[in-house]
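Data block below; observations after.
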Amino acid sequence: MSVLNKVVLRLKNSGVLSAQVEAEIILSEILNKPLLDIRAFPLPKLTNKEQLLLKTFVSRRENHEPLQYILGHAWFMNLCLEVGPGVLIPRPETETAVEFVCARAKADECICDLGTGSGAIALSIGFERPDLAVTAVDNSEVALQYAMNNRNKYKLQNVTIIKSDLFTELSNQRFDWVIANLPYVTDEEYKALPVEVLQHEPESALRAGVDGLDVIRVALTSLPLHLNPGGKAIFEIGELQGKKAKELFQTNGNFKTVELMPDLADRIRFVYAELN
């Protein structure tokens, strides 16, 4: 049996759903070869160092550690971001919101990424739109360190990183856009998350009360004070939260437009609002 097939079998037996793809990614990383080469050509004989690294990676994945933590990075849009314990792994559905802002923001506008984590949203906007001034905010020291490392890696001088619990340390700052992927998992949903999420990713970045909207409610109380006239906000939500989240924004009374937006899979995943 080939090395690849052995890894696939071990991952399958430990309950990894995408065992084939993950095995290919692991070998691609260890051998420093493109994924297409792993799939198309016979693998070279692994050195002792590579064999040891493979054994370590596979054992960690068998114990349900997220693959991104094992590799130390995750791709988001066009950036390869450092991630690890204590920071949420960026998800591809969030890219929809980033693309929305990048396509519509005017030159020299100010953007706030509320709850930046690894910096995925802020840094991708800053990378795609160097003409925008981006402020990335988080209250986690661990997450902020990842965000700073990632900003330094790409030398994004148009991104400022601030430690703040939502808007509390932003005093009178106002923005043209606020984009947020805040915690929105309900208490019940949290209990049913995959074991790799429950055991490894930070609960504080995921769980948000009985209906999953506790953190968004708090942010919403200050949001109008931190938007310029006509400013816009886009908040990621769970696919079952659309109606209630829309009502929260409408009840706030400061927004002339409140709309729900789908992700690429056509699931409602965002609230978009424009200030009066």
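Sort through Leu114, Leu123, Leu79 and tell me the only one that's surrounded by 23 or more Cβ atoms within 10 Å (Cβ to Cβ) and touching a residue at least 60 places away in the same chain (Cβ under 8 Å).
When all the criteria are applied, what remains is Leu114.
Go through Leu43, Leu71, Leu35, Leu88 for me and flag whichever is modelled with pLDDT under 95 and under 30 Å from Asn181 (Cβ atoms).
Testing whether each residue is modelled with pLDDT under 95 and under 30 Å from Asn181 (Cβ atoms) leaves just Leu35.
Looking at the stretch 23-44, which of its residues are acidic (Asp, Glu), open to solvent by 20 Å² or more (accessible area, probe 1.4 Å) and either touching a Leu at 6+ places or on another chain (Cβ under 7 Å) or within 14 Å of Asn5 (Cα to Cα) (or both)?
Within the stretch 23-44, Glu29 is the sole residue that qualifies.
Got a sec? Which of Gln51, Gln68 is surrounded by 13 or more Cβ atoms within 10 Å (Cβ to Cβ), over 19 Å from the mean Cα position of the chain (by Cα) and among the polar types (S, T, N, Q)?
Gln51
Quick one: which of Ala245, Ala180, Ala205 is under 21 Å from Val137 (Cα atoms) and in contact with a strand residue (DSSP E or B) (Cβ under 7 Å, 6 or more places away or on another chain)?
Ala180
For the stretch 39-47, state whether one or more residues are within 15 Å of the chain's Cα centre (by Cα) and polar (S, T, N, Q).
No, the conditions are met nowhere in the stretch 39-47.
Residues in the stretch 216-225: is at least one of a type in the set (S, T, N, Q), open to solvent by less than 80 Å² (accessible area, probe 1.4 Å) and more than 29 Å from Leu17 (Cβ to Cβ)?
Among the residues of the stretch 216-225, at least one is of a type in the set (S, T, N, Q), open to solvent by less than 80 Å² (accessible area, probe 1.4 Å) and more than 29 Å from Leu17 (Cβ to Cβ), which makes the answer yes.
Taking the stated definitions as given, is Val258 assigned to a strand (DSSP E or B), touching a residue at least 12 places away in the same chain (Cβ under 8 Å) and either open to solvent by 60 Å² or more (accessible area, probe 1.4 Å) or among the aliphatic types (A, V, I, L, M) (or both)?
Answer is yes for this residue.
Being in contact with a strand residue (DSSP E or B) (Cβ under 8 Å, 6 or more places away or on another chain) and touching a residue at least 40 places away in the same chain (Cβ under 8 Å) is the filter; apply it to the stretch 126-135 and report the residue that is least open to solvent (accessible area, probe 1.4 Å).
Going through the qualifying residues, I end up with Thr135.
Quick check: is even one residue across the stretch 187-210 surrounded by 17 or more Cβ atoms within 10 Å (Cβ to Cβ), part of a helix (DSSP H, G or I) and either out of contact with any Leu (no Cβ under 9 Å at 6 or more places or on another chain) or among the polar types (S, T, N, Q) (or both)?
yes
Can you tell which of Ile30, Ile25, Ile70, Ile38 is closer than 30 Å to Gly119 by Cβ and touching a Lys or Arg at 6+ places or on another chain (Cβ under 6 Å)?
On inspection, the qualifying residue turns out to be Ile70.
Can you give me the number of residues within the stretch 84-111 that are among the hydroxyl-bearing types (Ser, Thr, Tyr) and surrounded by 24 or more Cβ atoms within 10 Å (Cβ to Cβ)?
Residues that pass the stated criteria total 0.
This table checks each residue for (1) without any contact (Cβ under 8 Å) to a residue 40 or more places away in the chain; (2) within 30 Å of Arg60 (Cα to Cα); (3) in contact with a Lys or Arg (Cβ under 6 Å, 6 or more places away or on another chain); (4) hydroxyl-bearing (Ser, Thr, Tyr).
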| site | (1), (2), (3), (4) |
| --- | --- |
| Thr160 | yes, no, no, yes |
| Asp176 | no, no, no, no |
| Lys191 | yes, yes, no, no |
| Glu196 | no, yes, no, no |
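Quick one: Lys244 ticks every box in (1) over 18 Å from Val101 (Cβ atoms); (2) in contact with a helix residue (DSSP H, G or I) (Cβ under 9 Å, 6 or more places away or on another chain) except a single one, so which number is it?
Against the list (1) over 18 Å from Val101 (Cβ atoms); (2) in contact with a helix residue (DSSP H, G or I) (Cβ under 9 Å, 6 or more places away or on another chain), Lys244 comes up short only on (2).
Would you check which residues across the stretch 164-186 are β-branched (Val, Ile, Thr) and open to solvent by 30 Å² or more (accessible area, probe 1.4 Å) and list them?
Thr168
Hey, can you tell me all the residues within the stretch 5-19 that are part of a helix (DSSP H, G or I) and either surrounded by 16 or more Cβ atoms within 10 Å (Cβ to Cβ) or in contact with a strand residue (DSSP E or B) (Cβ under 9 Å, 6 or more places away or on another chain) (or both)?
Val7, Val8, Arg10, Leu11, Ala19
The values are calculated or read from the model by the stated rules, or taken from the named source; none is laboratory data. Please read all numbers here as calculations on a predicted model, not as lab measurements. No Cβ is skipped: glycine too gets one built from the backbone with ideal geometry, and neighbour counts run over all protein chains shown. Areas reflect the complete protein model, heavy atoms only, side chains present, ligands, DNA and RNA absent. Shrake-Rupley method; radii C 1.70, N 1.55, O 1.52, S 1.80 Å.
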